[in-house]
Amino acid sequence: TIAIIETSLHNAELLAIEEINAAGGVNGKMIEPVIEDAQSLVQVFAEKAKKLLLNDKVTAVMGCYTSASRQSVLPVFEEYNGVLLYPTLYEAQECSKNVFYTGAVPNQQLDEFEPWIVANLDRKKCYMIGSNYIYPKETNREWKALLEISGAENKGEEYAPLGHTEFSTVINNIANSGADYVFSTLVGDSIVAFYKQFKQSGFTAEDMPICTPITTEQETAAMGAENAVGHYTSFNYFQTVDSPENKSFVERYRAKYGANEVTNAVMEAAYFQTYLLKQAIEKSGTDADALIYEGLPGQEFTAPQGPVKIDEKNHHTHLWARIGKARED
């Protein structure tokens, strides 16, 4: 269900590991990736996490995409004192000593986005569509609070099962709602299906822009740019970030995985968290408590998006807030 984006995280981490090993590894030792496929299934994530910590005795795990998968493994990491680096944007309201969060949280995506929509797009009537699990529901709760502050309106709110790909009824409801934009927290294959059907129904970004904190270049490439053009995403990284670090990153990623591959914000976090882990091990060694209390807190790295830092107190990452508009290319 979520393989469209999970694969890119996996690929980015392997690229970083390959680069680190080529440069001499970590304190002269090579990183050995132990790879498990959790099949986008919540219960499998917990099983794999336990295997990695108890059987493989890994130093740290980089993984999970949905909040549901992260919450399923959280008791495992806390019980067995493992270290999880989690690269996905999520709803926040969580803080575990065993987890380091390198993806964006709502204040890093939504707080600038909603007022920007009001001020720059002159849109104040929102219809919300999301996938049916914790991240979309909590993110929409945050969004409704921002709507209230702006004096904007919530014209409707619907949730589709994970993997759902039939949106004709939802699109009809949007058309009849009086909304002037859509706020989407759909994930995975549902994103591609919704945008395609939205365009097929006659909607354009000029009529009814889709504004989202989750649609990346990955889903845009899968749906075809013609279905995404003109719609908006708030994220900490885009492939078009104009910096030497990012241009080099995009070139290296394409050299390894194909000239037509795209980069995205979640895989960029997966990439730079691998380097943060490397630096942490060099500082404190591989003991879990040493990484948790000494190695990872405060780590900094010049990522493709810009300088990032793991906060010493809450284990979340200082990131850049950006708003992007999908282009024809």
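The values are calculated or read from the model by the stated rules, or taken from the named source; none is laboratory data. Please read all numbers here as calculations on a predicted model, not as lab measurements. Glycine gets a Cβ as well: all are built from the backbone with ideal geometry, and neighbour counts include every protein chain shown. Please note that ligands, DNA and RNA were not included when accessible areas were found on the heavy atoms of the full protein model with its side chains. Shrake-Rupley method; radii C 1.70, N 1.55, O 1.52, S 1.80 Å.
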*Give the residues of the stretch 52-79 that are assigned to a helix (DSSP H, G or I), touching a residue at least 24 places away in the same chain (Cβ under 8 Å), within 18 Å of I35 (Cβ to Cβ) and polar (S, T, N, Q), sorted by residue number.*
S69
*What number of residues within the stretch 153-184 satisfy the criterion of being at pLDDT 95 or above, open to solvent by less than 40 Å² (accessible area, probe 1.4 Å), under 25 Å from T216 (Cβ atoms) and not in a strand (DSSP E or B)?*
6
*Return a yes/no flag: does the stretch 24-43 have any residue that is closer than 22 Å to G298 by Cα, modelled with pLDDT of 95 or more and either open to solvent by less than 20 Å² (accessible area, probe 1.4 Å) or within 17 Å of the chain's Cα centre (by Cα) (or both).*
yes
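Among the candidates K57, K51, single out the residue that is closer than 19 Å to G285 by Cβ and either surrounded by fewer than 17 Cβ atoms within 10 Å (Cβ to Cβ) or at pLDDT 95 or above (or both). Please lay out each step first, then the result.
Details: K51 fails: closer than 19 Å to G285 by Cβ.
Testing whether each residue is closer than 19 Å to G285 by Cβ and either surrounded by fewer than 17 Cβ atoms within 10 Å (Cβ to Cβ) or at pLDDT 95 or above (or both) leaves just K57.
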*Which of the residues that make up the stretch 123-134 are buried (at least 21 other Cβ atoms within 10 Å of the Cβ) and touching a Leu at 6+ places or on another chain (Cβ under 8 Å)?*
C126, I129, G130, S131
_Enumerated strands (runs of 3 or more DSSP E) restricted to the stretch 185-304, each holding at least 1 residues that are at negative phi and among the aromatic types (F, W, Y)_ = 232-235, 300-303
